[in-house]
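Notes for the one structure printed next.
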Amino acid sequence: MTPHTAVDNQPDQCTLASVMADARRRLVAAGVEAADREARWLIEHALGLTGSSHLVDSARPLDEHEMAKVDAYVTRRAVREPLQYILGTQEFCGLEFDVNPAVLIPRPETELLVQEVIRRLPRGGRPTLVDVGTGSGCVAVTLARALSSARIFATDLSAQALETAKRNALRHGVESAICWLEGDLLAPLAGCDGAVTAIVANPPYIREAEWSGLQPEVSGYEPRMALVAGAKGTELHERLLDEAASLLAPGGLLAMELGQGQSAGLRAKIETMSVYEHVETLPDEAGIDRIVIVERVR
């Protein structure tokens, strides 16, 4: 499925099977780890195939329009554009979310953040929740789906990200359950002192020095603003600790996702703040401290 293939008159080069094989070769050459699986997904997406159609119809010839569409998708992936941006979606907590270069691609690690907040919320009543740096809206939408009585605010500095999040809320039928606010961290919540049950955040936590060593899918395509925090990587966590203190109700939760090696330093800061108690860190499946949760003193 190189550019000359579409006009090559050899019929065996234009079948679904041969195109699949060529796509696989191109992705392997580009350094894509799951080349076989991703080639199949890209071709299924390009041609509107489902399930095992690529096996059943493997001998089907592709016309020039189909060849061009497949070639465009594989070319994008071969230069290491994230698969999720090409397909336009990413699964999170069992739901499909629209994604694009304006938003961070949801990660499995963030599911732990959502699950822990839901588990720890008091039963009954109408909790007020804040999702900081909502991006695609995956956290806010998942919370709204799981907690029908919750009042949810979602903030982001990017107007484009908020538009994406709103579309995802509409897609999952919770658009009326979430109030979208443009602004920096918790600044849009000024005046809500003592009224918030839980604040949830997956803030940028990559250190400046780490940026150049990231996978090209990340450094070349995902929004830097959603990833890089500063020299330490915990600059935004520290700001959130300061800003959340006045907003949280007594016993309210602040839950934040962390980067590798950041838990000890952040715990040390929290322990100097008399406004918080019950500091806890939780590991992800790889054993890395991934979540820190604190309570506002009662």
Exercise for review: Give, in nm to one decimal, the length gained when the segment between residue 159 and residue 275 is fully stretched (0.36 nm per residue of separation minus the Cα-Cα distance).
Suggested key: 38.5 nm
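So, for the chain, what is the accessible surface per residue at a probe of 1.4 Å, expressed in square angstrom?
Values: 13660 Å² over 298 residues.
That works out to 46 Å² for each residue.
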Review point. Any idea of residue 91's accessible area? Nearest 10 Å², probe 1.4 Å.
Key: 80 Å²
Review point. Can you pull the accessible area of residue 20 for me, 1.4 Å probe, Å² to the nearest 10?
Key: 10 Å²
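Using the Cα centre as the reference, give the magnitude of the dipole from point charges on the C-beta atoms of the range 116-211 (Lys, Arg: +1; Asp, Glu: -1; all else neutral), rounded to the nearest 20 debye.
Values: 10 positive and 10 negative charges, 124 e Å.
The calculated dipole for the range 116-211 is roughly 600 debye.
How big is the antiparallel share of DSSP beta bridges in the range 184-291, given as a percent to the nearest 5?
On the way: 3 of 10 bridges.
Given both bridge residues lie in the range 184-291, the antiparallel proportion sits at roughly 30 percent.
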Revision key, fill the gap. Percent antiparallel among DSSP beta bridges confined to the chain, nearest 5, equals 45 percent
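Roll a 1.4 angstrom probe over the protein heavy atoms and tell me the percent of accessible area of the chain that is carbon or sulfur. Mind dumping the intermediate values first?
Details: 7020 of 13660 Å².
On the chain, the fraction of accessible area on carbon and sulfur atoms equals 51 percent.
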Practice item. Would you compute, from DSSP H runs of 4+ residues alone, the mean residue ellipticity of the chain at 222 nm, taking -39500 (n - 2.57) per run and dividing by the full residue count, rounded to the nearest 500? Key: -11000 deg cm²/dmol
Exercise for review: Be a star and scan the range 74-104 for residues whose amide nitrogen sits under 19 Å from the point 7 Å along the Cα-to-Cβ vector of residue 29.
Suggested key: 74-81
Check your understanding: So for the chain, taking the charge dipole from beta-carbon charges (+1 Lys/Arg, -1 Asp/Glu), which of 133, 165, 253 sits furthest toward the positive end?
Key -> 253
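With charges only on Cβ, +1 for K and R and -1 for D and E, what is the dipole size of the chain about its Cα centre, in debye, rounded to 20?
On the way: 29 positive and 42 negative charges, 121 e Å.
The calculation lands at about 580 debye.
The values are calculated or read from the model by the stated rules, or taken from the named source; none is laboratory data. Because the structure is a prediction, the values reported are computed rather than measured. Note: ideal-geometry Cβ built from the backbone for every residue, glycine included; neighbour counts use all protein chains shown. Ligands, DNA and RNA are excluded from the accessible area calculation, which covers all protein heavy atoms including side chains. Shrake-Rupley method; radii C 1.70, N 1.55, O 1.52, S 1.80 Å.
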